[in-house]
Amino acid sequence: MIPVRAAGRSETGLVRAQNEDSMLLDDEGSFWIVFDGMGGHQNGAAASRMAALAFAGEPLPAAFDPAIDRFAEQIQLVNSQIQAEAAAQGGGTMGTTAVGLILRGREFAVGWVGDSRAYIMRRGGLFQLTVDHTHVQDLIDEGILTPADAVGHPMSHVLTRALGVSPELQVDIIKDEIEPGDRFLLCSDGLSGPVSDAEIRALIEADSPQSAVDALIERAYAHGAPDNVTAIVIEIGAF
């Protein structure tokens, strides 16, 4: 067995009236996921919690590829459920982002929809594993904006993908192998927005995953915590 430690925390922040983020830490099932709800206080919170409950009630298979397949299928199912709930409430906006980590033996997969992010700290370097599904990221990909121009852009929160928004939903998934000492971070944009990559790199190296999570969220608060902020840190031990 490869030793793994994980910790997570979700906070409302200093501006929002309600926490629309949700998270699931399934240490026994080696699966962790963060959701960031959208569509107003009640709808956003309901969407993210609906997604978290759906994954909590349907553990992923033990084998790697079937677990990835089931993850993608569950995202599609939750997408349909959120759309149905929004229609039942009169058709208002109701959705959520998602970013999850699946660990099976020495293999891992990250799957995501939206702008919640996954990072990996490896051999002293911090690497972003996900690519934001946002209008601003599209402009960067097209060469219209530079990454520096995108910082603080007024359309930075305009999503191009989210659960509950469209009947057709593409889930992005990457696969790779772990190394001893790897640390993963899953977070909502309430963390990755106000806290720079350089700060994340420094703070994620705290003594334990819980200490790292606490330090990251406290830094978001130091920057004004303008949004709900959620973080999960997963540490791979020696093997």
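The values are calculated or read from the model by the stated rules, or taken from the named source; none is laboratory data. Since the structure is predicted, the reported quantities are computational estimates derived from the model, not experimental observations. All Cβ positions, glycine included, derive from the backbone under ideal geometry; neighbour counts span all protein chains shown. All accessible areas refer to the heavy atoms of the entire protein, side chains included, with ligands and DNA or RNA removed. Shrake-Rupley method; radii C 1.70, N 1.55, O 1.52, S 1.80 Å.
Things worth noting here:
- Residue under evaluation Ala148, criteria (1) under 25 Å from Asp26 (Cβ atoms); (2) surrounded by fewer than 14 Cβ atoms within 10 Å (Cβ to Cβ); (3) not aromatic (Phe, Trp, Tyr), criterion not met: (1)
- Some residue of the range 80-102 being surrounded by 22 or more Cβ atoms within 10 Å (Cβ to Cβ), at pLDDT 95 or above and part of a helix (DSSP H, G or I): yes
- Among the numbered conditions (1) open to solvent by 50 Å² or more (accessible area, probe 1.4 Å); (2) closer than 15 Å to Ala231 by Cα; (3) of a type in the set (Val, Ile, Thr), the only one that Val34 does not meet is (1).
- Of all residues in the range 106-122, those being assigned to a strand (DSSP E or B) and open to solvent by 20 Å² or more (accessible area, probe 1.4 Å) number 3.
- Of residues in the range 203-239 being charged (D, E, K, R) and open to solvent by 70 Å² or more (accessible area, probe 1.4 Å), the one nearest to Gln18 (Cα to Cα): Glu218
- Subset of the range 14-29 that is open to solvent by 80 Å² or more (accessible area, probe 1.4 Å) and touching a Gly at 6+ places or on another chain (Cβ under 8 Å) - its residue that is farthest from Val4 (Cα to Cα): Val15
- Candidates Gly164, Gly190, Gly181, Gly125, filtered to the one that is at positive phi, open to solvent by less than 40 Å² (accessible area, probe 1.4 Å) and at pLDDT 90 or above: Gly164
- Counted residues, the range 19-66 - those being at pLDDT 95 or above, among the acidic types (Asp, Glu) and touching a helix residue (DSSP H, G or I) at 6+ places or on another chain (Cβ under 7 Å): 3
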